[in-house]
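The values are calculated or read from the model by the stated rules, or taken from the named source; none is laboratory data. This is a predicted model, so every value here is computed, not measured. Reconstructed Cβ throughout: ideal geometry from the backbone, glycine too, with neighbour counts over all protein chains shown. Ligands, DNA and RNA are stripped out before the accessible areas are found, and what is left, the full protein with its side chains, is counted by its heavy atoms. Shrake-Rupley method; radii C 1.70, N 1.55, O 1.52, S 1.80 Å.
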Amino acid sequence: FKGLVDELQAEMDRNKDAWEERRENLNEQMDLITGAKAECQTTFDASTARRNTLTAESDEKTYQKHELTREYNDVHAQCSAKIDELLVTDICGVRSVRNQVMLSSTVSPPEKIDDCEVSDWVAEICS
(Lines give C-alpha, C1' and ligand atoms only; values in the text may rest on other atoms or scores of the structure.)
Protein backbone atom coordinates (compact mmCIF):
# COMPACT_ATOMS: atom_id res chain seq x y z
CA PHE A 1 0.00 0.00 0.00
CA LYS A 2 2.91 2.37 0.77
CA GLY A 3 4.24 1.76 -2.74
CA LEU A 4 1.01 3.06 -4.28
CA VAL A 5 1.09 6.15 -2.07
CA ASP A 6 4.71 6.83 -3.01
CA GLU A 7 3.90 6.33 -6.68
CA LEU A 8 0.91 8.64 -6.42
CA GLN A 9 3.00 11.22 -4.55
CA ALA A 10 5.67 11.06 -7.29
CA GLU A 11 3.01 11.59 -9.97
CA MET A 12 1.54 14.51 -8.02
CA ASP A 13 5.04 16.05 -7.68
CA ARG A 14 5.61 15.68 -11.45
CA ASN A 15 2.22 17.23 -12.19
CA LYS A 16 2.96 20.07 -9.77
CA ASP A 17 6.36 20.69 -11.41
CA ALA A 18 4.76 20.62 -14.87
CA TRP A 19 2.07 23.03 -13.68
CA GLU A 20 4.62 25.39 -12.15
CA GLU A 21 6.62 25.39 -15.39
CA ARG A 22 3.50 25.97 -17.48
CA ARG A 23 2.29 28.74 -15.14
CA GLU A 24 5.71 30.47 -15.30
CA ASN A 25 5.65 30.20 -19.10
CA LEU A 26 2.13 31.66 -19.26
CA ASN A 27 3.08 34.52 -16.93
CA GLU A 28 6.11 35.33 -19.14
CA GLN A 29 3.85 35.35 -22.20
CA MET A 30 1.40 37.66 -20.40
CA ASP A 31 4.26 40.03 -19.53
CA LEU A 32 5.41 40.08 -23.17
CA ILE A 33 1.87 40.65 -24.42
CA THR A 34 1.29 43.42 -21.87
CA GLY A 35 4.50 45.16 -22.99
CA ALA A 36 3.57 44.82 -26.67
CA LYS A 37 0.11 46.16 -25.94
CA ALA A 38 1.57 49.19 -24.16
CA GLU A 39 3.86 49.90 -27.14
CA CYS A 40 0.93 49.59 -29.54
CA GLN A 41 -1.18 51.89 -27.40
CA THR A 42 1.61 54.49 -27.35
CA THR A 43 1.95 54.29 -31.13
CA PHE A 44 -1.82 54.54 -31.53
CA ASP A 45 -2.00 57.59 -29.25
CA ALA A 46 0.80 59.31 -31.18
CA SER A 47 -0.89 58.53 -34.49
CA THR A 48 -4.21 59.85 -33.24
CA ALA A 49 -2.58 63.07 -32.03
CA ARG A 50 -0.81 63.50 -35.39
CA ARG A 51 -4.06 62.90 -37.30
CA ASN A 52 -5.85 65.48 -35.14
CA THR A 53 -3.06 68.00 -35.77
CA LEU A 54 -3.17 67.38 -39.52
CA THR A 55 -6.95 67.67 -39.56
CA ALA A 56 -6.79 71.01 -37.77
CA GLU A 57 -4.10 72.26 -40.18
CA SER A 58 -6.17 71.10 -43.15
CA ASP A 59 -9.24 72.91 -41.82
CA GLU A 60 -7.17 76.08 -41.38
CA LYS A 61 -5.80 75.83 -44.93
CA THR A 62 -9.30 75.30 -46.30
CA TYR A 63 -10.49 78.41 -44.46
CA GLN A 64 -7.52 80.41 -45.78
CA LYS A 65 -8.26 79.22 -49.33
CA HIS A 66 -11.87 80.35 -49.06
CA GLU A 67 -10.80 83.72 -47.67
CA LEU A 68 -8.20 84.24 -50.41
CA THR A 69 -10.69 83.23 -53.10
CA ARG A 70 -13.23 85.69 -51.74
CA GLU A 71 -10.61 88.44 -51.56
CA TYR A 72 -9.43 87.65 -55.10
CA ASN A 73 -12.99 87.81 -56.42
CA ASP A 74 -13.56 91.17 -54.70
CA VAL A 75 -10.35 92.69 -56.08
CA HIS A 76 -10.99 91.20 -59.53
CA ALA A 77 -14.47 92.73 -59.60
CA GLN A 78 -13.04 96.13 -58.56
CA CYS A 79 -10.35 95.95 -61.24
CA SER A 80 -12.84 94.92 -63.92
CA ALA A 81 -15.10 97.81 -62.97
CA LYS A 82 -12.16 100.23 -63.09
CA ILE A 83 -11.09 98.93 -66.52
CA ASP A 84 -14.64 99.33 -67.84
CA GLU A 85 -14.77 102.83 -66.40
CA LEU A 86 -11.43 103.73 -68.01
CA LEU A 87 -12.56 102.38 -71.35
CA VAL A 88 -15.75 104.40 -71.30
CA THR A 89 -14.34 107.55 -69.74
CA ASP A 90 -10.92 107.74 -71.32
CA ILE A 91 -11.32 106.19 -74.75
CA CYS A 92 -14.90 107.17 -75.51
CA GLY A 93 -14.41 110.55 -73.87
CA VAL A 94 -11.30 111.26 -75.94
CA ARG A 95 -13.11 110.24 -79.13
CA SER A 96 -16.02 112.52 -78.31
CA VAL A 97 -13.76 115.50 -77.65
CA ARG A 98 -11.69 114.78 -80.77
CA ASN A 99 -14.81 114.53 -82.94
CA GLN A 100 -16.12 117.82 -81.54
CA VAL A 101 -12.79 119.54 -82.26
CA MET A 102 -12.59 118.04 -85.74
CA LEU A 103 -16.12 119.11 -86.67
CA SER A 104 -14.77 122.40 -87.95
CA SER A 105 -11.83 120.77 -89.78
CA THR A 106 -11.83 120.59 -93.55
CA VAL A 107 -8.77 118.32 -93.65
CA SER A 108 -9.93 115.70 -91.16
CA PRO A 109 -13.66 115.90 -90.54
CA PRO A 110 -15.05 113.17 -88.23
CA GLU A 111 -16.46 111.16 -91.13
CA LYS A 112 -12.95 110.77 -92.59
CA ILE A 113 -11.55 109.50 -89.30
CA ASP A 114 -11.42 105.71 -89.20
CA ASP A 115 -10.70 104.40 -85.71
CA CYS A 116 -9.24 100.95 -85.70
CA GLU A 117 -10.52 98.33 -83.31
CA VAL A 118 -8.06 95.88 -81.78
CA SER A 119 -9.24 92.42 -80.86
CA ASP A 120 -8.23 90.62 -77.69
CA TRP A 121 -4.68 89.28 -77.73
CA VAL A 122 -4.31 85.55 -78.28
CA ALA A 123 -1.07 83.79 -77.39
CA GLU A 124 0.41 81.74 -80.21
CA ILE A 125 3.77 80.65 -81.58
CA CYS A 126 5.67 83.45 -83.29
CA SER A 127 6.29 83.00 -87.02
Next on the checklist: Under 14 Å from a point placed 7 Å out from the Cα of SER58 along the Cα-to-Cβ direction: which residues of region 33-52 have their backbone N that close?
Outcome noted: 48-52
Checklist outcome for this item: Sorted by accessible surface (1.4 Å probe, heavy atoms of the protein chains only), largest first, LEU103, LEU26 come out as LEU103, LEU26
Item to check | Solvent accessible area, Å² - TRP19, 1.4 Å probe, full protein context | outcome: 130
Item to check | Candidate residues CYS116, CYS92: accessible-area rank, largest first, probe 1.4 Å | outcome: CYS116, CYS92
Checklist outcome for this item: Charge tally for neighbours of SER58 with beta carbon under 11 Å away, counting Lys, Arg as +1 and Asp, Glu as -1, is 0
Item to check | Residue (of GLY93, LEU8, ASN27) at the positive-pole extreme of the chain, dipole from beta-carbon charges | outcome: GLY93
Next on the checklist: Please report, in whole Å³, the volume per residue of the convex hull around the C-alpha atoms of the chain.
Outcome noted: 204
Checklist entry - Expressed as an acute angle from 0 to 90° and rounded to the nearest 10, what is the orientation of the C-alpha long axis of helix 93-102 relative to the principal long axis of the chain? => result 10
Checklist entry - Is any residue of region 41-61 close enough, with backbone N under 15 Å, to a label point placed 7 angstrom from the Cα of ARG70 along the Cα-Cβ axis, and if so, which? => result 60-61
Next on the checklist: Tell me the per residue accessible area of the chain using a 1.4 Å probe; a whole number in Å² is fine.
Outcome noted: 94
Checklist entry - Hey, what angle do you get for helix 2-86 against the long axis of the chain, alpha-carbon based, 0 to 90 degrees rounded to 10? => result 10
Checklist entry - Counting Lys and Arg as +1 and Asp and Glu as -1, each charge on the Cβ, what is the dipole of the chain about the Cα centre in debye, to the nearest 20? => result 420
Item to check | Label-point separation in nm, GLU20 to LEU4, each point 7 Å along Cα→Cβ | outcome: 2.8
